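The values are calculated or read from the model by the stated rules, or taken from the named source; none is laboratory data. Values in this document were obtained by computation on a predicted structure and should not be read as measured data. For neighbour counting, all protein chains shown are included, and Cβ atoms are generated from backbone atoms with ideal geometry for every residue, glycine included. Just so you know, the surface numbers come from the protein's heavy atoms only, side chains and all, with ligands and any DNA or RNA stripped out. Shrake-Rupley method; radii C 1.70, N 1.55, O 1.52, S 1.80 Å.
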Amino acid sequence: MKQRFAIVIIIIMCLTGANAKVRMPQLFQDGMVLQRGVDIPVWGWADKGENIRAEIQNIKGKVLSTANAVADSKGRWTLRLPHRKLKTGGPYRLVITAMPSAHQVVINQVLIGDVWLCSGQSNIDVTIERVYPWYTSEIDSYDNNMVRLFRVQNETSTSGPKDDIRPTAINWKPLNKQNAWLFSAVGYFLGKRMQQHTDVPQGIIVNSWGGTPIEAWISADSLQHDFPMMVEKTRLYDNSDFVKAQQQANQLADQRWNLLLDQNDPGMKQGQDGPLFTSLYYDDAQWTPVTQGEWGWRGVGSIWLRQHVTIDKAHAGLPARLLLGTLFDADRTYLNGKEIGRTYYQYPPRRYDIPEGLLREGDNVITIRFINKYGTAHFIKEKAYLLAFGDDRQSLNPLPKDIIPLREQWLQHSGTQMPSCPSGDVSLQNMPTTLYNAVLHPLAPYALAGVVWYQGESNTGNAGTYATMLRKLMGEWRQLFQQPQLPFVIVQLANYMACVPQPQNTGWSQVREAQRTVAEEDEYAESVVNIDLGETVDIHPLRKKEVAERIALCFDRLAYGKQVTLFPKVISHEIKDGNVILTLDQPMHDGQLKYFELAGSDGRFQNVEATATGTTIIVSAPMSRPATMRYAWKDNPLGANAYGLNELPLSPFELKLE
């Protein structure tokens, strides 16, 4: 009878618990990395009133840490696992059990180490695939199971914070070339460097979205006081039917525009071996010669360019890679009538692989169909334009050994002129609060070692509010993650655009200054000076390993308490004998310095001479009472040369002297 009674009880428990399942956040999956040195937050959902028990076990099943919780009226539960007996490394098991339903979740291959959250816009987004030609041998040869990668899937919310993020393809994957190919390059190199220097597991969570402004990452409550109209703007779009209808209308308009573009373009008619204007046999003798570096087409629609390339017998039939720098805006590129690549917007480098057998001995023709919806179609200067052969053809550092450079001369023919494409685009990711709601709030309170914030390009048009919003973001995130001393490393904007000799005051310099000053006033923050790692013609510079190494140096101080010498800082100044004398916190490379400016009370800046000697910079003042000093205060102070002996650059800055 006792056995029968026990069986009945078990059956009842199974029946009552059939629908009572523990649900864990997307962050809690096999391979996850938990933050060492702190009691570990764990949370999830179950039936109301369920008793939850969480355990961390070693691979033999021994329980090393345990905690309990009860699911509240909404089914939410949260607890913290004591860390005292947990050593770094692993692997461990995280086991969550709900009673009386007896439902259990087991998460395997858990590591304990350091977890870093990398967030911002497109320069965090830039992938290993994009920077691979700069670091080919290093990426090819490296993998490390002690570094795990997690990519938050993009999503927006106009209606308030979500409970969880969407499923993602890169969910605590071990670091190797395949897993990291579409993962953040900054995150990749940061994880690699930190693991090598600490010998403990590293978890890299990347949560970024290209082109997004800082206000998208801040909550409505935080913005409401100082920026109420931002919050109202988002509320206008808090209607899924409206947003869906607008997005469908934009998609249909774009499809219609592209259909008419192709129908009306004479070059798209079928030729002997492809679209008419792409054929090797097409007679382009009447096309207009143009020079690549000078060429531009300001129009809406399409325009065609062709270049003939002679291939010798040794290269005929070989696989190759065509480098076309970076083009504005979209393109479809053909070789001998066959399409070899297409890109839909201006930023990605054009690296198109040519299959074996397509290049022929003698005459070959490269055809580019530019598709332009705004601005001026053009080639981007200072990039490589060539055919590369051999096993090293994917490298850019150094360039491949076997190359055929393209000529500056092209032949041009018009395609079709089009009216502007109708657009009422709804880019919810660029609106205030939408990313905080959808992809930041659901991550908390996951324990972190630190945050990388690499953003600002999208706020250069309203730079005056950036410092206020950055302070809000840092304070709010620390509160959300329940870590009041959470370290932040803020990556300053890199040098970009034309270098001009005269004094210049733009949003780029103002955002950099906000990034510098906010970090300096915060005990738990540092800013990374990035003024020498940019590119004049590319808003997405490729030297992401160097950026990650500088970020890591900052975390050495902030997270690990190491005594490290970071970027030089001005600690005092005085005006003496017609000079402004700056004292720095470390010795500088001696010599003449570029890009110092002074202004009097009239606010008119002028270039001045400056010299570094030891820990001092002496700046010659052409006016009797200088009021303000600036250094490297330009979009692109190319060649700025104020460096500490540790080879780290002095930050651009503005200094009030009175």
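Within segment 588-606, which residues have the backbone N less than 15 Å from the label spot 7 Å out from S620 along Cα→beta-carbon, could you tell me? Within reach of a label on S620: 591-598, 606. Among P100, I56, Y132, pick out the residue whose Cα is farthest towards the positive end of the charge dipole of segment 48-140, where Lys and Arg carry +1 and Asp and Glu carry -1 on C-beta, about the Cα centre. So the residue we want is P100. For a paramagnetic label modelled on Y344 (point 7 Å from Cα along Cα→Cβ), amide N atoms under 18 Å away belong, within segment 372-397, to 372-374. As a calculated quantity, the FRET efficiency between K233 and A316 at R0 = 51 Å, using C-beta atoms, amounts to about 0.30. The stretch between M99 and D273 holds 55.7 nm of extra length on full extension. This uses 0.36 nm per residue minus the Cα-Cα distance. Across segment 442-531, Cα-Cα distances exceeding 21 Å account for 34% of all pairs. To the nearest 10, the accessible area of I403 is 60 Å² with a 1.4 Å probe. Using a 1.4 Å probe on the protein heavy atoms only, what accessible surface does I404 show? Give it in Å² to the nearest 10. Spelled out: I404, probe radius 1.4 Å, area about 30 Å². Beyond 23 Å, the tail of the calculated P(r) for segment 284-367 holds 26 percent of the Cα pairs. Both radii were evaluated on the Cα set of segment 78-187; the Rg over Rh quotient, with Rh as the Kirkwood radius, amounts to 1.03. Distance from the Cα centroid of segment 25-89 to that of segment 361-425 is 53 Å (rounded to whole angstrom). With the helix formula -39500 (n - 2.57) applied to DSSP H stretches of n ≥ 4, the chain reaches a computed 222 nm mean residue ellipticity of -6000 deg cm²/dmol. Accessible surface for I575 stands near 80 Å², nearest 10, in the context of the full protein assembly shown (1.4 Å probe). As a calculated quantity, the FRET efficiency between D425 and K594 at R0 = 51 Å, using C-beta atoms, amounts to about 0.75. When the solvent-accessible area of segment 60-143 is split by element, carbon and sulfur atoms take up 50 percent of it, the probe being 1.4 Å. How much of the accessible area of segment 301-346, in percent, comes from carbon and sulfur atoms when a 1.4 Å probe is used? Within segment 301-346, the accessible surface is 56 percent carbon and sulfur. For Q485 and S601, FRET efficiency with R0 = 56 Å and r from the beta-carbon atoms, rounded to 0.05? E(calc), rounded to 0.05, equals 0.85. For the chain, a Kirkwood radius taken over Cα pairs fed into Stokes-Einstein (4 °C, viscosity 1.567 mPa s) yields D = 46 µm²/s. Comparing Cα centroids, segment 327-343 and segment 245-271 end up 17 angstrom apart. The distance between label points at N58 and N646 comes to 3.9 nm (points 7 Å beyond Cα on the Cα→Cβ vector). Excluding ligands, DNA and RNA, the accessible surface per residue across the chain is 44 Å² with a 1.4 Å probe. Extension gain, H225-K569: 0.36 nm per intervening residue step, less the Cα-Cα distance, totals 120.5 nm.
A DSSP coil position with no more than 14 other Cβ atoms inside 10 Å describes the following trypsin sites (Lys or Arg not before Pro) in segment 590-658: R604.
Ligands, DNA and RNA left out, the accessible area of segment 514-658 computed with a 1.4 Å probe is 46% carbon and sulfur.
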